[in-house]
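Asks: Sharing a structure with you now.
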Amino acid sequence: MFDPTSRYFRVAEAQTTVNGRSVTYKQRRFLPQMENGRSSLTVKVLADDWPDLVAYRALGNPELFWQLGDANGVMDPFDLTSQPDRILTVPSPQGFQGVS
């Protein structure tokens, strides 16, 4: 259902019954905790940047904007770029606890 690059790909599924029908859904996703010192890479937010543009510059893939959000404790992706000149942490491949 979700592409492997999606933030929801590894989120566990659950089931419930609604009006006699079984409904499968994704459980709630929480921001992962960054391990201290796991990433020394940063990227600077430029004027008029969008989350996908920053993700492309930093990670080479605009669809991975959510990883920048996770690394910087931001749920709303537009909060990443709301402040020009902000320095964002760029996640390393093993920068998150529990994520391979």
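Asks: Looking at segment 61-91 only, could you name the residues that are among the acidic types (Asp, Glu), farther than 14 Å from Arg7 by Cβ and in a loop (DSSP other than H, G, I, E, B)?
Replies: Asp85 - this is the single residue of segment 61-91 that is among the acidic types (Asp, Glu), farther than 14 Å from Arg7 by Cβ and in a loop (DSSP other than H, G, I, E, B).
Asks: Now, a different point. Is it the case that some residue within segment 86-95 is at positive phi and open to solvent by less than 70 Å² (accessible area, probe 1.4 Å)?
Replies: Checking segment 86-95: not a single residue is at positive phi and open to solvent by less than 70 Å² (accessible area, probe 1.4 Å).
Asks: Just to check your reading of the model, which residue among Leu41, Leu64 is among the aliphatic types (A, V, I, L, M), at pLDDT 85 or above and open to solvent by 70 Å² or more (accessible area, probe 1.4 Å)? Don't jump to the end; show me each part of the working.
Replies: Values: Leu64 fails: open to solvent by 70 Å² or more (accessible area, probe 1.4 Å).
Just one listed residue meets the conditions, Leu41.
Asks: Please work out if Val23 is at pLDDT 90 or above, farther than 20 Å from Ser92 by Cβ and in a strand (DSSP E or B).
Replies: On the way: at pLDDT 90 or above: yes; farther than 20 Å from Ser92 by Cβ: yes; in a strand (DSSP E or B): yes.
Answer is yes for this residue.
The values are calculated or read from the model by the stated rules, or taken from the named source; none is laboratory data. This is a predicted model, so every value here is computed, not measured. Note that we place each Cβ from the backbone using ideal geometry, even for glycine, and neighbour counts take in every protein chain shown. Each accessible area value is taken on the protein alone, full model and side chains, heavy atoms only, with ligands, DNA and RNA left out. Shrake-Rupley method; radii C 1.70, N 1.55, O 1.52, S 1.80 Å.
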